[in-house]
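Structure record follows, encoded as structure tokens.
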């Protein structure tokens with residue numbers, strides 16, 4: 001009977017620990033933006049032409065707000081934010097002007113992934129349309 005009680009206690013402990021991990025947030029240093037990265041698919045007035053490359057350039061386990069400003073245009077790419085890239089603000093130039101789209105679908109051989117997939121806490125997107133084309 002004691003071993004059943006111990007298993008129940010350990011199971012409860014693991015459940016509570018896992019639950020708190022899921023709701024974890026990151027302190028992003030208040031409401032000030034530490035840096036801005038600019039994307040322009042035309043190759044001028046921007047540090048990157050790809051949204052994913054801009055995300056990849058953000059420091060791992062970032063703890064300060066980083067704004068990624070995306071110039072107007074239609075960006076044909078999948079965007080995935082890894083769990084170790086929190087505290088990111090995506091700022092487009094209006095939902096009618098800044099569009100991120102990708103043509104993806106599910107088949108028997110391939111698992112469908114969305115156009116935009118965010119894993120970490122504290123990610124904000126403003127003035128952008130995401131769509132499957």
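The values are calculated or read from the model by the stated rules, or taken from the named source; none is laboratory data. Please read these numbers as outputs of a predicted model, since none were measured by experiment. Cβ: placed from backbone, ideal geometry, glycine included. Neighbour counts: every protein chain shown.
The rows are residues; the columns are (1) within 22 Å of residue 26 (Cβ to Cβ); (2) out of contact with any helix residue (DSSP H, G or I) (no Cβ under 6 Å at 6 or more places or on another chain).
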{"position": "48", "(1), (2)": "no, no"}
{"position": "56", "(1), (2)": "yes, yes"}
{"position": "63", "(1), (2)": "yes, yes"}
{"position": "91", "(1), (2)": "yes, yes"}
{"position": "98", "(1), (2)": "no, yes"}
{"position": "103", "(1), (2)": "no, yes"}
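Residue-by-condition table, conditions (1) in contact with a strand residue (DSSP E or B) (Cβ under 9 Å, 6 or more places away or on another chain); (2) closer than 24 Å to residue 45 by Cβ:
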site: 68; (1), (2): yes, yes
site: 82; (1), (2): no, no
site: 90; (1), (2): yes, yes
site: 113; (1), (2): yes, no
site: 116; (1), (2): yes, yes
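Looking at region 16-55, which of the residues that are assigned to a helix (DSSP H, G or I) and at pLDDT below 90 is nearest to residue 70 (Cα to Cα)? Before you say what the answer is, go through the steps one by one.
Start the filter on region 16-55 by keeping residues that are assigned to a helix (DSSP H, G or I), which leaves 16-22, 51-55.
Within this subset, residues satisfying the condition of being at pLDDT below 90 are 16-22.
On the way: 16: 40, 17: 38, 18: 36, 19: 35, 20: 34, 21: 31, 22: 30 Å.
Ranking the candidates gives 22 first.
Restricted to region 99-128, and to residues there that are crowded, with 16+ Cβ neighbours inside 10 Å and farther than 25 Å from residue 62 by Cα, the residue that is modelled with the lowest pLDDT is 102. Tallying residues that are under 17 Å from residue 79 (Cα atoms), touching a strand residue (DSSP E or B) at 6+ places or on another chain (Cβ under 7 Å) and crowded, with 16+ Cβ neighbours inside 10 Å within region 37-48 yields 4.
Can you work out which of the residues in region 65-85 that are in a loop (DSSP other than H, G, I, E, B) and touching a helix residue (DSSP H, G or I) at 6+ places or on another chain (Cβ under 7 Å) is farthest from residue 30 (Cα to Cα)? Outline the logic, then answer.
Within region 65-85, the subset in a loop (DSSP other than H, G, I, E, B) is 71-72, 77-78, 82-85.
When the remaining residues are screened for being touching a helix residue (DSSP H, G or I) at 6+ places or on another chain (Cβ under 7 Å), the result is 77, 85.
On the way: 77: 31, 85: 17 Å.
Applying the filter and picking the extreme gives 77.
Out of everything in region 86-100 that is part of a strand (DSSP E or B) and touching a residue at least 40 places away in the same chain (Cβ under 8 Å), what residue ends up being nearest to residue 124 (Cα to Cα)? Per the stated criteria, the residue is 89.
Residue count for region 62-85 under the criterion of being within 12 Å of the chain's Cα centre (by Cα) and either free of Cβ contacts under 8 Å to residues at least 12 places away in the same chain or surrounded by fewer than 18 Cβ atoms within 10 Å (Cβ to Cβ) (or both): the result is 5.
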